[in-house]
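**Q** Here it is: the structure, laid out below.
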Amino acid sequence: MKKNRAFTLTLIAGLLLIIFFNMFYFLYIQRQVRLFFEGKAELWFTLILDLFYPRLAVEKQRFPVDFFIQKSREVFFRANFVSLILLAFGLGCHFSSLFREKLRHYTTSRTPLSNVKMICKLYALLGLYLIYDWIFYFYQLQKGQFAYAPVFLLKVLHLSYPPYTLLFFLYCLAVISAIFLFLLIRPLLFSLCFSLVFVFLQAYLYSFHKLDHTYATFTYASFLMPFLCWNLRNALKKKENYTEDWPLKGIQICIALAYFFSGLEKIFSGGIAWFHPDTLTYYLQLHSSSWGLWLSGQPVLCSILAGWSVVFELGFIWIIFQRKTVFLILPIGIFFHWGVFLFLDIGGWIHPWFLVYFFYINWTDIFSKLQQKSHL
Amino acid sequence: MKLKQMVFTSIFFLFALPFVFINNFYPSFRFGMFAEPAGKKTLKEEFSVYIVNAQNQQTSFDPSSVGFDKGQFAYMLRDSFYQQKIQQVLRQLYQNLKNNYQIKQLKFVRILKRTEQMQTDTTHTLYWPDEKE
């Protein structure tokens, strides 16, 4: 009874918050956006915009104020959309015992330690592969320091661009941590160390006006790997053969959400126009690969491929709900990235976004099946 | 709140916040690559820097010599152009290059292409180094 009352109160508070937010936007924020372009917005609003949207200093020279009013409406619309999703999730948890049970089962399942160990080794190897040439970029970037424009994390922490010796030290620390993690020596300590250093080194690499998404999925995996190693350590201490795999599930969800939000962005930013052949044609001509230029002359194929890419990106999340789809969705994913490389000249034959697919594989199953086959 | 719940809630917000605010908040990414429809992109801008030597011959500047890839360098030039900081950028580039090249001047070029009208506008900015430099 008490639980029901608390839920009803939370629900009412949530709805009131959404209504308040909507009124706040229409009566106050929209006006402040216009005033910002006249240099008359309130100080707190200007400071927040400067912190969250450093690019506005550039973009407000390129576009008229109405463009940003439109963008602010988009923010408002998206905020409502996410609030409704949260509300639906809350209602699902409260009213559906089946939903609750499935959620509980999903987050409390266990995996063999041998699988976690294999995942740790592959993560460490992939980490080494991804950062191996960073030190050369940092060496070159010493000359480009004048263009340093810190990304959000570094800006919030007020960190300036460090001397090359410090970057070199951090790089060595990352390499040593990855090697120790691969050898499963103090996995918790070294996964934590590698993850932190990786995130900061990448931040410095991208603090030169252009942030791309090459390592995005690996970055999210890095946030959760220390938790997986923590579970591994606890299981080893208790001499158990299995451990809770919720951090691994978290990594799988992150990878799937990266695709899902890529698809969602296309729907929200582009809408129906995104499926028009002109959109893909534009991008193909912009990147000008020989295959891409050929494809840009095939409007029907452009529309089909545009639709297909959104279906794939939104549908990737199905892998979370249906484990059996792993062997269908992952190869499609690899072909998807190869297609992007071939037609748009982005990425390469080996792409970090599909290298992280190993998180979806149950390595213990694979090895036991291989052993069975070899016995036969 | 249990650690597990906190982690899953954080994951949700790591993805939801950049999506809602249409911005990257590194280490949280917005996945908006190729999301804009073509209709909004009828203008195509190109930015480049040329080195002009004493014989007035000009060569395209290779951004990898200061650690940038081509795309990154173009972004940096675009940002500097719109913030009217091109002269400062050219001065910094000159400081980096003067020992390896014979430079009479640095030339910044912005080409604006209107794709639907097949028109092209070009903007030049020159940087003449001081004798003291």
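**Q** Ranking B:Thr122, A:Thr219 by Cβ neighbours within 10 Å, fewest first, what do you get? Please report the intermediate quantities before stating the final value.
**A** Numbers: B:Thr122 10, A:Thr219 24.
The most exposed by this proxy come first: B:Thr122, A:Thr219.
**Q** Let me ask something additional. Suppose every K and R has +1 on its Cβ and every D and E has -1 on its Cβ; what is the size of the dipole of segment A:1-127 about the Cα centre, in Debye to the nearest 20? Walk me through the intermediate numbers first.
**A** On the way: 18 positive and 7 negative charges, 129 e Å.
Roughly 620 debye, rounded to the nearest 20.
**Q** Who wins for biggest fluctuation among A:Leu167, A:Leu189, A:Leu98 in a Gaussian network model of chain A, springs between alpha carbons below 10 Å?
**A** Largest GNM mean-square fluctuation: A:Leu98.
**Q** Residues of segment A:282-302 with backbone nitrogen within less than 18 Å of a virtual label 7 Å along the Cα-to-Cβ line of B:Lys44, please, listed as ranges.
**A** Inside the label zone: A:282-299, A:302.
**Q** Across peptide A:55-62, what mean number of C-beta atoms from other chains lies inside 10 Å of a residue's C-beta? Please report the intermediate quantities before stating the final value.
**A** On the way: counts 5, 1, 3, 7, 2, 1, 5, 5.
Across A:55-62, the average partner-chain Cβ count within 10 Å equals 4.
**Q** Next question, about the same structure. What does the C-alpha gyration tensor say about the overall shape of segment A:119-215? Classify as rounded when a/c is under 1.5, otherwise prolate if a/b is larger than b/c, or oblate.
**A** Prolate, because a/c is 1.5 or more and a/b exceeds b/c.
**Q** Would you work out if segment A:1-145 is rounded, prolate or oblate? Take a ≥ b ≥ c from the square roots of the eigenvalues of the alpha-carbon gyration tensor; rounded if a/c is under 1.5, else prolate when a/b is larger than b/c, oblate otherwise. Please report the intermediate quantities before stating the final value.
**A** On the way: a/c = 3.50, a/b = 1.06, b/c = 3.30.
Oblate, because a/c is 1.5 or more while a/b does not exceed b/c.
**Q** Under a point-charge model restricted to the Cβ atoms of Lys and Arg (+1) and Asp and Glu (-1), what is the dipole moment magnitude of segment B:1-90 relative to its Cα centre, in debye to the nearest 20? Provide the component values of the computation, followed by the final result.
**A** Details: 9 positive and 6 negative charges, 94 e Å.
In total the dipole reaches around 460 debye.
**Q** Which entries of A:Lys102/A:Lys237; A:Lys117/B:Lys4; A:Lys155/B:Lys44; A:Lys155/A:Lys266 show an alpha-carbon separation above 24 angstrom in the structure shown? Each step should come with its number before you reach the end.
**A** Values: A:Lys102/A:Lys237 29 Å; A:Lys117/B:Lys4 21 Å; A:Lys155/B:Lys44 30 Å; A:Lys155/A:Lys266 29 Å.
A:Lys102/A:Lys237; A:Lys155/B:Lys44; A:Lys155/A:Lys266, as the Cα separations exceed 24 Å there.
**Q** Only four residue types carry charge here, +1 at the Cβ of Lys and Arg and -1 at the Cβ of Asp and Glu. Report the dipole size of segment A:278-376 about the Cα centre in Debye, rounded to the nearest 20.
**A** Values: 4 positive and 4 negative charges, 100 e Å.
The dipole of segment A:278-376 has a size of about 480 debye.
**Q** Roughly what % antiparallel, to the nearest 5, for the DSSP beta bridges in the protein assembly as shown? It would help to have the intermediate numbers written out before the result.
**A** Values: 26 of 27 bridges.
Taking every DSSP beta bridge within the protein assembly as shown, about 95 percent pair in antiparallel fashion.
**Q** Same structure again: May I ask for the equivalent-ellipsoid semi-axes of segment A:221-269, computed as the square root of five times each C-alpha gyration tensor eigenvalue and listed largest first in whole Å? Let's see the in-between values first.
**A** Working: eigenvalues 215, 14, 4 Å².
Equivalent-ellipsoid dimensions as semi-axes: 33, 8, 4 Å.
**Q** When you take every Cα atom in the protein assembly as shown, what is the radius of gyration, and what is Dmax, the widest Cα pair distance, in Å?
**A** According to the Cα coordinates of the protein assembly as shown, Rg and Dmax are 25.3, 88 Å.
**Q** Continuing with this model, one more query. Relative contact order of segment A:276-376, please, whole-number percent, based on alpha carbon pairs below 8 angstrom and at least 6 residues apart. Let's see the in-between values first.
**A** Details: 69 pairs, mean separation 26.3, N = 101.
Reported relative contact order: 26 percent.
**Q** Pick from A:Leu330, A:Leu314, A:Leu159: which residue has the top mean-square fluctuation in a GNM of chain A where Cα pairs under 10 Å get a spring?
**A** A:Leu159
**Q** Related question: Under the definition of partner shielding as Cβ atoms of other protein chains within 10 Å of a residue Cβ, what is the mean value for peptide A:146-153?
**A** Values: counts 10, 14, 0, 3, 1, 4, 7, 4.
Average per residue, whole number: 5.
**Q** Summing Lys, Arg as +1 and Asp, Glu as -1, what charge do residues with Cβ under 14 Å from the Cβ of B:Phe81 carry, B:Phe81 excluded?
**A** Net charge in that neighbourhood comes out at +2.
**Q** Classify segment A:162-279: rounded, prolate or oblate, from the alpha-carbon gyration tensor (a ≥ b ≥ c, eigenvalue square roots; a/c under 1.5 rounded; otherwise prolate if a/b is larger than b/c)? Present the calculation step by step, with values, prior to reporting the outcome.
**A** Numbers: a/c = 4.33, a/b = 1.43, b/c = 3.04.
Here segment A:162-279 falls in the oblate category.
**Q** Remind me, relative contact order of chain A in percent, using alpha carbon pairs under 8 angstrom and six or more residues apart? Don't jump to the answer; show the numbers that get you there.
**A** Details: 331 pairs, mean separation 56.4, N = 376.
15 percent.
**Q** With unit charges on the beta carbon (Lys/Arg positive, Asp/Glu negative), name the residue among A:Val197, A:Cys93, A:Phe275 whose Cα is farthest towards the positive pole of the charge dipole of chain A.
**A** A:Cys93
**Q** Still on this structure: Pick from A:Phe63, A:Phe77, A:Phe268: which is most flexible by mean-square fluctuation in a GNM of chain A where alpha carbon atoms under 10 Å apart are linked?
**A** A:Phe63
**Q** If you count, for every residue in A:129-140, the Cβ atoms of partner chains within 10 Å of its Cβ, what is the mean? Could the numbers behind the result be given before it?
**A** Numbers: counts 0, 0, 0, 0, 0, 0, 0, 1, 4, 1, 1, 6.
Average per residue, whole number: 1.
**Q** In square nanometres, what is one fourth of the surface area of the convex hull spanned by the alpha carbons of segment A:242-369?
**A** On the way: hull surface 35.7 nm².
Averaged projected hull area, Cα only: 8.9 nm².
Every number here is computed from the coordinates shown, using simple stated rules; none is lab data. Keep in mind it's a predicted model, so treat the numbers as computed, not measured. Every residue, glycine among them, receives a Cβ derived from its backbone with ideal geometry; neighbour counts consider all protein chains shown.
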